[in-house]
Structure formats: C-alpha cells, structure tokens
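Rule-based calculations on the coordinates, nothing more; no lab input. Since we're looking at a predicted model, the values are computed, not measured. Cβ placement follows ideal geometry from the backbone for every residue including glycine, while neighbour counts extend to all protein chains displayed.
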C-alpha cells in the first residue's frame, strides 16, 4: 500500500459506545449532549409551541369569523396576535430550523461524530424551554399587546408581560447565538475525509449561511430588546422622545435582526428542499454552485434590507429608494434556487412521496409569497398595503407556505432516520393535500381583504369583509385538522410503524449512510469518506454504519409494503 | 486505497481531526467575538442615531466626562493588552514565572481601569435615566465595563490555575482564548473613547 501524506491528522477519537447505564430520564434525554438527542429535544419542544401558537391563531379566527364578535375582547385579541407571532417565530420556526434539523442532520451530513461543543449544545437547548415558559408566563401578568414587533411607545406602556417578553427574547437569543457558534465551528473544522466545500450537501451550505446570519443579527436584537427592558424598568430614555429618545430607533434595531430572522426561518428549509428534490427526482441538483452561492448572497443581502419594514415610518425618501432596490435584488438569489429546483426535476425520475409533495407544494406557495413580497417591496404599493391583510397574506404564504411546509417536508424525509420507523404514506398524502388546499384557502383571500382596505391586528372589522373572513376562518379550522393527521401518523408510526432501513429513499448524502437511527454517540462505525458530489446517483450509496444483516423480503412482505404505499428503491 | 475499513478506535486520548490549522476552541472564540461586535455595534449605532438627532451635544446641563482622566484610563487598559500578550509569549516559551508576572500585571491594570471608571461614574452629574447623554453613555460604557470585569475574572481564574501549574508550553489554549477576548474588549474601548470622550 502506498504511503499517503495526510495534511490533517486522522480522527482517533470517538469510538461508538453506548451511554452508561443508570441514567435518569433527565440525564439521558433532556440533558443529553448527543447532537441527535438535542435535535429531537428541540423539535419536540418546538412542535408543542407550534400547537400553542396555532391555538392562539384559531381563537383569533373564531373571533374574526363574524364582525362585531364578542368572543374575545379587544385587549385580549391584541395579546393573542402578539403572542401568536412571538411564539411562532421565536419558539417554533427558529428553534425547529436552527436547533432541530440542523442539530440532527448537519453533523451526520458532514461525517462528524457530533458538533464541535456538545455541552454548549446541551446548554443551548436547556435555555429553550425556560425561555418559552418565561414568555408564556406573561399571560399571567398581562401579556404584551404591541405585536411581536413591539414598537414603542405602546411597548413602553404595556403591562409586566412586555418585560417578561423582553427577558424571554434575550434568553432565547443567547440560546440560538451559542448554537450558531457551534455549527460554524463544526462545519469549518469537522468535515470528514474528502468532504471539501464543493462536496458539501446543499443543506449544509444553507446551515452555514443561516448560522452566519444568526451570529450577527441575534446579538443586535439583544441590544435593542435589552434597551427596551431598561427603558421600561429604569426609564432609560432611548425611545422616550421627551427626554431625547427616538421611537424609530427601536424599529431600526428590531428589524435589523428580524429581517434576517425571516431568512433564518427559511434558508435551512431551502437547503433541505434541495436534498429532497434531488433524491426524489433521482438527478444531481441543477446548479449546485449557483444554489450554494445564492445561499451566501441571501445571507449577506438580508442584513442590508431591513428598513423595507419601515417605509411608512417617516424615514427619508432616499433611504426608502435604497431599501426598495435592495429588497428587489434579494429576490434574485431565491429565484435562482427556484429555477434550479425546476431544472433538477426536469426529465427526472420523479417519485411523489410525501416529502416530495411537500417540497412541490412549498414551491407553489413560496413563489406566491415571493411575488407578493416583490409587490410590497415597491414603496408606493407598500404605502397602501402596509399593515393590511395583504401583508398578513404575504407573510403567511412565505412563513406557512414556506417554513412550515419545508419543516413538514423535512420531517417526513428524515423521520425514518430520526425514529427508525416509517411513516404511513397514505396518511402523509392526506395530510399534504388537506393542508395544501386549506392553507391556500385560508391565506389567499387575505390578499383581497388587504387590497380592499382591511387593516391587520384588529379584533373586528367593517361588515363588508364579513363573508371572506368567515370563509377564511372555516378554512383555518380545516388547516388545524390537517395537522392532526400528522400527529396521528407520527404516534402510530412510533408505536407500530415498520422498521426503517438505513436508506429508504436511496439518497447519497452521509446522513443516510448509517443505521436508522444512527449510533447514539459517534454516529459512524468507520470513518466516513467522500469521493464524489452528494447527488451522484450513479455511484452506489455509501454506508459507514453498523454492519446490517441481509433482510430477505418474502413475497408476502412485499405485497404488504406495496399496499401501504412503499415501492422498491433501486 | 485499502479495502478494509478501519474502525474508529481509541477514546479521548487520540488527536482530533480538523480541516483548518485553528483549533475548535479558537474558532469558537473568534465566532463568539463576531457576535460581540454585533451587540456593541447595534448599541453604538443607537448612540450615533440619537446623537445625530440632538441639536446640541452634550445636551444642555450635562458635562462630558473629563478627557484627561479618560485618556489615562484608556492607556491603562490598552497597556494591559500588551502585558497579556507578553504573558502569552512567555508560556509559549514555557516560562511559567514570567507568564505569571505578566498575568498579574494584566489583572492589576484591568482592575484599575474598572476602578477609575467607577470613580468617573460617581463624578458625572447625570444618570442613566436622566437624559439622553446619560442613557447612551452609561448603557454603552456599562456594557463595556461588565465585559472588562468578566475579563478580569477570567484572568484571575487563569492566574490561579497557572499558580497550580496547569499551563504548559503545549497546553495553554485558554490563555489564547481570553487574550483574544481581552484584545477585543480593548478595541471596543478605543471606539467608545473616541465617540464619547473625544468627539
């Protein structure tokens, strides 16, 4: 064997071992330092908060079903939309994307045994439930009413819950910033043999870009929210005009984070959609370099467009012009991705499994959301449509049609790897179609409402909007019901779903090169190595896990599986 | 290429693979400092934004802190960066005693900075919630002072562990980490000193 000069040193580190016996539930699960368990913890907690945020939304929709409804009083309604937005952004979407998927999948995809700082990872998770409970506790002391955007002077005058909101945001911000540091070091330094940056799966590229955004944007929010807390508690006059403060300052500080935040909530979704489309079209991703660069471009430009949320705040026209142009430019990298995905599917061998359906549904809804985004980017249009239901429609198309759909796509895709069980395909398809149709039915009519002048964040409305609002409310209940299909599918799968093979979808990325689920500590039994790009379906699928016994499928098994919707993967 | 896969053997004692010449820990500190740039940056932006909106600075009735004492304090803090650099150099050569000497100086100078800051706070005729100068000055220098204090505590920890012989020529990474943090804190002070005391 020829001697090989290795520029880096070879890992002689983590052997695969089992956790010590006699661990309490707390130690084994909630305090686990294994990135896979941390990821599961994040996903489970985030899903619980998704339900909380969803219940708040449904209560609002009950109130909005008829004009002049007395179901909720206006103050409580204000609390509800504030907490709905805050919960969905900070307790569901960001933790699920950043803490959930990234934690579980990214180290596997780069062939690493864990993240760079496993105990820091555990700390990041441990901060999450208390931060969430701190936020929820505000309901006991008078929840904030200023919207998730929390503009002063309303947020300066609000009840104690507004201060609890501030503290919760800071705790959650620390949690995600620590995660970002962890992921950046992991990706930069812990890629396995042969995993050059040009062979990085696109999900990892998207995580790299997202982590950079989290790292730089979240502390800026902490600065602003910290100052808000000081302003409320000690009368520090940053936003108090009578003592020299400026109200618009808050908006700058808040949106400097919150615009990148929306990209933080979608970019990992873009990454996993790239994975799913490549695998279920059985073709290499079209425009790999373009997608990778576009992720970096989105991360950079997203930090430079924040004031398109402030067109009606009285900022100078010259600034409005700049932000309008920059916002229109940022649509270009996303458009590049959309076309690349379409190019990947062209003449591909499509398998319309549930994850693929969610990916396709995502493309439809996200493009609609993107188009209305371009409309809103235009300053004159925004003057009319800002703070109307047109904006509510746009944001839900990109956040529900975008983030939520990609989250479900990723959940169905990685469910076998995470749990070692298969989901039921037929139930999955029911879930998709019901959710896709009802989501469009819920959010599309909101465009019309906004164009006709219905304002957002109001507990009631003029009678002319009544019919549409009733339709939307009914559609939203169907949307909630579709989620229950997922829950039922998940629970039955965990209890009695068929055991998942290492690579049920026939993917080529390293996350599918172990058993399902991967070994508890260390992931791989042998050092993984990579010799080709991650979407090479002509090469055999890699496997670096525990040697698996050959499973002979009897004809009866095959028929049973076909009946359940599974097909052989070559 | 060998056809036999090599099991990942050993546990803990082996060397860790990395893709760059920097260790995980050092990279972690560098990224952490990026996040610190962001938080100070947002507050500095707030200060400049608010100051720009004021016709007179400082606002009527408010005195800026004395330039002379502030300059002296800045020199004290910046020189502590030099001392900690010497400490790093010393341990890189395995010189334990010298490292401890320079560490002690770093701690003394760092604490002196905090002490003089506290004295200046006491002397100023405004408060954090009295006017916009007080709000921005105390928030920013207060956050900075908290960072300096934590840094001094970190150096104390390093010093005590050094007394117990923990640092060697081969293993003294925490010194490098805290040193990077300390240089960053000093860099922030250069900016704060410029925008509050000088201009």
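Tell me the relative contact order for segment A:360-432 as a rounded percent, counting alpha carbon contacts under 8 Å between residues six or more apart.
34
Just want the ordering: A:543, A:389, from fewest to most Cβ atoms lying within 10 Å of their own Cβ.
A:543, A:389
To one decimal place, what orientation-averaged projected area in nm² is obtained for the convex hull of the Cα set of the protein assembly as shown?
That works out to 35.9 nm², a quarter of the Cα hull's surface.
Once a ≥ b ≥ c are taken as the square roots of the eigenvalues of the Cα gyration tensor of segment B:24-198, is the result rounded (a/c under 1.5), prolate (a/b larger than b/c) or oblate (a/b not larger than b/c)?
prolate
With equal scatterers on the alpha carbons only and no solvent term, can you work out the Debye log10 of I(q)/I(0) for segment A:16-169 at 0.14 1/Å?
-0.75
Find the relative contact order for chain A and round it to a whole percent, using C-alpha pairs within less than 8 Å whose residues are 6+ positions apart.
Dividing the mean separation by the residue count of chain A yields 18 percent.
Kindly provide the helix-only [θ] at 222 nm of chain A, computed as the sum of -39,500 (n - 2.57) over DSSP H runs of four or more divided by all residues, to the nearest 500 deg cm²/dmol?
Theoretical 222 nm ellipticity from helices: -20500 deg cm²/dmol.
How do A:375, B:99 rank when sorted from fewest to most other Cβ atoms within 10 Å of their own Cβ?
A:375, B:99
Looking at the square roots a ≥ b ≥ c of the eigenvalues of the Cα gyration tensor of segment A:326-375, which shape do they give, rounded for a/c under 1.5, prolate if a/b is larger than b/c, or oblate?
It comes out oblate by the Cα gyration axes.
Counting helices only, and only those DSSP H runs with n ≥ 4, report the 222 nm mean residue ellipticity of chain B as the sum of -39,500 (n - 2.57) divided by its residues, in deg cm²/dmol to the nearest 500.
It comes out at -24000 deg cm²/dmol, rounded to the nearest 500.
Please give the average number of partner chain Cβ atoms lying within 10 Å of the Cβ of each residue in B:25-33, rounded to a whole number.
5
Going by a ≥ b ≥ c, the root eigenvalues of the Cα gyration tensor, does segment B:25-109 fall in the rounded group (a/c under 1.5), the prolate group (a/b larger than b/c) or the oblate group?
Oblate, since a/c reaches 1.5 and b/c is not below a/b.
Neighbouring Cβ atoms within 10 Å as the yardstick, rank A:525, A:383, B:49, A:257 fewest first.
A:383, B:49, A:525, A:257
Could you give the nm distance between label points at residue A:384 and residue A:562, where each point is 7 Å from its Cα heading toward the beta carbon?
5.7
Sticking to Cα atoms, compute the Rg of segment A:463-570 to one decimal and its Dmax as the biggest Cα-Cα distance, whole number, in Å.
For segment A:463-570, the Cα radius of gyration and maximum Cα-Cα distance read 21.1, 67 Å.
With springs only between Cα atoms under 10 Å, which of B:151, B:70, B:165 fluctuates most in a Gaussian network model of chain B?
Evaluated over chain B, the most mobile residue of the options is B:165.
Rg to Rh for segment A:321-404: what is it, with Cα atoms only and Rh by Kirkwood?
1.06
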